[in-house]
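Just so it is clear, none of the values below were taken in a lab; they were calculated from the coordinates. Not measured: the values here are computed from a predicted model. All Cβ positions, even for glycine, are placed from backbone atoms using ideal geometry, and neighbour counts span all protein chains on display.
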Amino acid sequence: MDVIQFFILFIFAILSSIVGSAAGGGGAAVTYFGLFLTGFPTHIAIGTHKLGDLGHYIFTLRNYYKNKKTSRSIVLPLALLGFIGAGIGSLIVISISENILNKIVAVILAITLIVIFIRKNIGVKKSSKSFLWAPSYFFISIYEGFFGAASGIFSVLSLTSFKGLTFTEAIGNHKFAGVFMSFISVIIFIKAGLVNYFMAIPLFLGSLIGGHIGSKIALKKGDTWVRSFLIVVILLTILLLLFR
């Protein structure tokens, strides 16, 4: 069964990382589906995913950096907020009802979808900035720490809506900050004994491959394509969360 699980998780990790790197988020829901399908308890699934997901940052960060979609002045404050927020979220994960959480996230995603439809230029063209990017990103980071499905979508929307970034800029900067979020979360889950190291290997390898493919697609297709792809990912994530 371990060999079958290994292969299944490898495939799901590739698909997950393609989605996450191309749309900025939504990929975690794919990985969680694979982990739940192969019988992982929720908390171990979260911890194992967070360790394995570190792989997708390697090529994803390189590709967005090479295409000048990142800025040190943006990444540093995001990394600080993300590190603190994700740490808090990881510490409180065991106190949240997963069923209730899924419904809440699905509703928020539906609102996100409406916003993207109404504001057609969001993430496609530069827009005005607002101080709300900091508190919104911080609270999203807390959610990232204790579950994370669709957190990337929320982060990208926060940065496009309140920081005035385009979709590819938002994804690139968020991915750099995501390294710090994942790092603190992984440490906490490891200390709690909630990581399956063997099954984190196919997740790491799959996300390494998928991250390269997804980021290349997003950068080649551009912000308008990312907007359309993001809408599809949001719809599928809502269905997965509601009917899981």
Amide proton proximity set for THR70, modelled H, under 5 Å, gap of 5+: none
Separation of the LEU76 and ILE100 label points, Cα + 7 Å toward Cβ, nm: 4.0
Ranked LEU37, LEU240, LEU51, criterion: other C-beta atoms within 10 Å, fewest first: LEU37, LEU240, LEU51
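For a Förster distance of 22 Å, can you work out the FRET efficiency between the beta-carbons of ILE187 and ILE58, rounded to the nearest 0.05?
Details: r = 19 Å, r/R0 = 0.86.
Efficiency at R0 = 22 Å is approximately 0.70.
Take ASP223, ASP2, ASP53 and order them by how many other Cβ atoms sit within 10 Å, fewest up front.
In increasing order of surrounding Cβ atoms, one gets ASP2, ASP223, ASP53.
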Simple Cβ-charge dipole of the chain, Lys/Arg +1 and Asp/Glu -1, about Cα centre, in debye nearest 20: 1000
Euclidean distance between Cα centres, the stretch 1-22 to the stretch 39-53, Å: 13
10 Å binning of all Cα-Cα separations within the stretch 1-90, expressed as whole percents from 0 upward: 15, 41, 32, 12, 1
Kirkwood-based Rg to Rh ratio, the stretch 131-207, C-alpha trace: 1.03
All Cα pairs of the chain, percent lying beyond 28 Å: 22
Angle in degrees between helix 197-221 and the longest Cα principal axis of the chain, rounded to the nearest 10: 20
Aspartates and glutamates whose Cα lies under 17 Å from that of LYS68, excluding same-chain neighbours fewer than 8 positions away: GLU169, ASP223
Above-threshold pairs, the threshold being 32 Å between Cα atoms, out of LYS69/LYS191; LYS103/LYS129; LYS129/LYS175: LYS69/LYS191
For ILE11, ILE171, ILE234, order by how many other beta-carbon atoms lie within 10 Å, fewest first: ILE11, ILE234, ILE171
Between 0 and 90°, nearest 10: helix 27-37 axis offset from the chain longest Cα axis: 20
Taking the chain and dividing mean pair separation by its residue count, relative contact order in percent (alpha carbons under 8 Å, at least six apart): 42
